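The values are calculated or read from the model by the stated rules, or taken from the named source; none is laboratory data. None of these values were measured; they are calculated from a predicted model. For neighbour counting, all protein chains shown are included, and Cβ atoms are generated from backbone atoms with ideal geometry for every residue, glycine included. Accessible surface areas use protein heavy atoms only, side chains included; no ligands, DNA or RNA. Shrake-Rupley method; radii C 1.70, N 1.55, O 1.52, S 1.80 Å.
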Amino acid sequence: TNDNARGQDLFLRKVRRITNHHIGPCDLVTSLDAVRFTLLVKEDLVNILLPAMPGLEKSFGVPYATVQLTLTLFLIGMALCQLIYGPLSDSLGRRPMLLVGMGTFVLASILAALAPSMEVLIVARLLQAVGGSAGVVLARAMVRDVYSREKSASVISYITTAFVVAPMIAPILG
């Protein structure tokens with residue numbers, strides 16, 4: 001119908017404004033999937049590490065306090081970078097910041113998987129936090145940008161479901 005087409009056009013114009021580029025329905029699904037992936041992985045990174053910490057202590061031959069730095073610096077990096085991504089995404093656009101965050105996260109994950117020493121692993125975990133915090137901030141911002149106040153509450157509750165389910169699954173994977 002004509003009203004439906006007008007509603008879709010308005011919706012896509014809002015998304016174009018947010019992402020600073022032309023976007024079609026398939027691109028929107030991909031962007032939302034990327035946000036969901038980033039949110040899920042962020043939660044898993046904390047919960048997968050906890051049961052693996054004694055193994056890291058033995059594998060790298062370092063004190064447990066050093067292994068705990070991988071978690072401490074991850075949480076600090078996650079908290080501080082959320083303060084940076086918000087204002088940057090307001091001025092540079094959501095999509096570029098999400099891509100930078102995901103790229104940083106993927107490269108840091110590869111570095112963490114190949115880490116030859118505890119020091120490299122600690123740096124990689126900090127970089128994972130720098131990249132992963134983009135999804136935490138931008139997911140909520142994108143929802144608020146695209147949906148009405150009433151609908152955004154529903155969508156944010158859907159995203160929150162990922163936060164609830166991820167910690168249950170992560171220790172099994174770790």
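Quick look at the numbers
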{"item": "Solvent-accessible surface (1.4 angstrom probe) belonging to Arg95, in square angstrom, nearest 10", "result": "90 Å²"}
{"item": "Label-zone membership for segment 128-155, site Met168, 7 angstrom Cα→C-beta point, backbone N under 20 Å", "result": "155"}
{"item": "Pairwise FRET efficiency - Ile84 versus Ser117, Cβ, R0 = 41 Å, nearest 0.05", "result": "0.90"}
{"item": "Accessible surface of segment 89-153, 1.4 Å probe, proportion on carbon and sulfur as whole %", "result": "66 percent"}
